[in-house]
Amino acid sequence: MKLRTVIADDEPLARERLKLLLSSDAEIEIVEECRNGKEVVAALKTARIDLLFLDIQMPGSSGFECD
Amino acid sequence: VSLAYGVVLWLWWAAVVELLWQAGKRWPFALRVSAATIGAQLAVAVVIALLHLGFLQLAAYWISRVGPELERAAYRGLNFFNVWRFGVEFLLYSVIWSACAVVNIQLAAQRDAMRSLELERQLSSAHLRALQMQLEPHFLFNTLNAITTLVELERTPDALDILAHLNNILRTGLKRTTPSKIPLAQELQIVESYLAIERVRFADRLHIDINLDPSAMDGLVPCFLLQPIIENAINHGIAHCEDVGRIETSAKRVGGRVQLQVRDNGPGLNGRSHPGFGIGLNNTRERLVHFYQDNYELRAGQPESGGFEVLITIPYEPKNP
């Protein structure tokens, strides 16, 4: 079974890079991309997530404040 | 014969001046005014006066013996060792020493002044260079990262685009002798290149509005004046915007002055609690003081409409006056 993964970063290029790095791992399935803390919280509430790549500095609520 | 006598009389003093001067070079204290020096000089004055009188006495004696017949009489029986002659010698030496000391002190003062001026100039240009360089490193690092990612993603045209813009910035910023001032038009090119790079980073989250008054464009501004302010607006303003971040830049000429404005719609002062904020603005202020002393204006703050605004007013200096 694949790991359901969420990527959170406000910079599109950083998300692209992470996706590219993760694409070589067959076990990882990226189910959602988030641009800020709010979207992360929303994503965690709606779906079952195994793995979260969370940027710290993001607009609105930072990675630390996503609770 | 009187010429020969004159030579003994005056060459002597020339030799004394020269000796004093050399002594002053060798032992600087010899030509300085202090109780010890004056005491020593009094002693030297006595010795020199006596020596000179001795020489004069010898010269007179010699002339009266072997000089031309007509003049022998005039020199015969001259006695140089009396209070009056000694006084004159002593006074002359004093005057010469004082003159040497005064000239020496003045030269030294001049040398000191020149040295401190030169030092000040070196310091301030080194300082300026340091201030300019503070603007570079993390931006360069971010940009190289972005280029790496674009290449990895095989977005070659975007990577090339960023490289061209980076080249444009570094061409001005990394010259061995970065020009201290450049025309506003050139500064805005740097700003546009910078923004083009940041637009790749922020994609659709960044909206830029540049408003330019053509009559201000040939005015000289300190190199990299606007760039760090825009960088601040992005890092402390736009980076905190969840929606679209806007940066408005305007430049206009008002009479003999140029007004520059940079405004963003970020969280205003809240976003500026981040450590490091303020370094850019302090740099800007120091550089403005360096170039314009107090003939400038720098205001930064949160306007009523929110966001953050920086206003700079400097004298308009046309590129080719």
* Has the range B:175-185 got at least one residue that is within 26 Å of residue B:303 (Cβ to Cβ) and part of a helix (DSSP H, G or I)? -> yes
* Residue pairs meeting the criteria (Cβ under 9 Å; at least 6 apart or on separate chains; first within 11 Å of chain B (Cβ to nearest Cβ) and assigned to a loop (DSSP other than H, G, I, E, B), in the range A:12-28; second at pLDDT 90 or above and surrounded by 13 or more Cβ atoms within 10 Å (Cβ to Cβ)) -> A:23/A:30
* Would you confirm whether any residue within the range B:299-318 is at pLDDT 85 or above, among the hydrophobic types (A, V, I, L, M, F, W, C) and either closer than 27 Å to residue A:36 by Cα or outside any strand (DSSP E or B) (or both)? => yes
* To do: Just name the residue that is farthest from residue B:244 (Cα to Cα) out of those in the range B:197-218 that are more than 39 Å from the chain's Cα centre (by Cα) and of a type in the set (A, V, I, L, M).
  => B:200
* To do: Using the structure shown, decide if residue A:56 is within 13 Å of chain B (Cβ to nearest Cβ) and of a type in the set (A, V, I, L, M).
  => yes
* Residue check, residue B:81 more than 20 Å from residue B:108 (Cα to Cα), surrounded by 12 or more Cβ atoms within 10 Å (Cβ to Cβ) and of a type in the set (Phe, Trp, Tyr) -> no
* Only one of these conditions is not met by residue B:162: (1) surrounded by fewer than 18 Cβ atoms within 10 Å (Cβ to Cβ); (2) over 26 Å from residue B:315 (Cα atoms); (3) modelled with pLDDT of 80 or more. Which number is it? -> (1)
* Select from the range B:165-186 the residues that are over 22 Å from the mean Cα position of the chain (by Cα) and either surrounded by 20 or more Cβ atoms within 10 Å (Cβ to Cβ) or at pLDDT 85 or above (or both) and list them in ascending order. => B:165, B:166, B:167, B:168, B:169, B:183, B:184, B:185, B:186
* Of the numbered conditions (1) within 12 Å of chain A (Cβ to nearest Cβ); (2) at pLDDT below 80, residue B:279 fails exactly one; give the number of that condition. => (1)
* For the range B:143-159, name all the residues that are touching a helix residue (DSSP H, G or I) at 6+ places or on another chain (Cβ under 7 Å), within 14 Å of residue B:197 (Cβ to Cβ) and either more than 8 Å from every other protein chain (Cβ to nearest Cβ) or of a type in the set (Gly, Ala, Ser) (or both). => B:143, B:146, B:147, B:158, B:159
* To do: Would you please name the residue that is surrounded by the most Cβ atoms within 10 Å (Cβ to Cβ), looking only at residues in the range B:187-201 that are acidic (Asp, Glu) and away from every other protein chain (no Cβ under 11 Å)?
  => B:187
* Across the range B:12-71, which residue is nearest to residue B:91 (Cα to Cα) among those that are assigned to a helix (DSSP H, G or I) and of a type in the set (D, E, K, R)? -> B:18
* **Filter result for the condition that a residue is loosely packed, with under 12 Cβ neighbours inside 10 Å and at pLDDT below 75, over B:26, B:65, B:72, B:111** => B:26
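The values are calculated or read from the model by the stated rules, or taken from the named source; none is laboratory data. Keep in mind the model is a prediction, meaning the values are calculated, not measured. Ideal geometry is used to build each Cβ from the backbone, glycine not excepted, and the neighbour counts take in all protein chains shown.
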